[in-house]
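Notes to accompany the following structure.
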Amino acid sequence: MESWCGRNSQKACRLYRNGSSCNSTGNVLVEVQDTGPGLTPATLDLLFDAFYTTKAGGLGLGLSICRSIIEAHNGRLWASPNVPRGATFHFIAPAHPGGASSVRAALQQGAGSAT
């Protein structure tokens with residue numbers, strides 16, 4: 001994940017890999033957090049759309065491609081704002097091939113309930 005913090009800003013930005021875990025349903029959950037300017041509700045609605053970008057020279061394809069790849073592997077990718085600033089990107093995917101039903105079960109239990 002490329003962070004655009006600091007490119008046109010005096011503010012420092014830190015990127016954290018919060019962690020990854022494999023739960024009892026056999027899914028891997030990965031969360032990456034930054035301390036950048038964050039996400040507005042309008043941005044959250046468009047963030048994964050092809051050709052949507054907030055970067056001056058961006059193509060708007062990166063997150064759309066990431067989501068397509070993760071969904072092709074029976075997973076799910078989403079983002080959520082942090083308080084007071086920054087964002088967290090999450091994805092959940094089966095730890096083993098053919099584990100689509102375990103991802104659905106985990107999502108029904110509340111893992112990744114954000115849209």
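A short reminder: the numbers here are calculations on the coordinates, not readings from a lab. Remember, it's a predicted structure, so these values are computed and weren't measured experimentally. Don't worry about glycine lacking a Cβ; one is built from the backbone with ideal geometry, like all the others, and counts go over all protein chains shown.
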Tell me, what HN-Hα J-couplings in whole Hz come from the Karplus equation 6.51 cos²θ - 1.76 cosθ + 1.60 at θ = phi - 60° for each residue of segment 38-50, using x for Gly and Pro? x, 10, 8, x, 5, 5, 4, 5, 10, 3, 9, 6, 4
Amide H contacts under 5 Å for Leu39, placed H, 5+ residues apart: Asn82, Gly86
Zone of Asp45 (label point 7 Å along Cα→Cβ, backbone N under 18 Å): which residues in segment 76-90? 79-81
Whose amide H sits under 5 Å from the amide H of Gly58, counting only residues 5 or more places off or on another chain, with H placed in the peptide plane? none
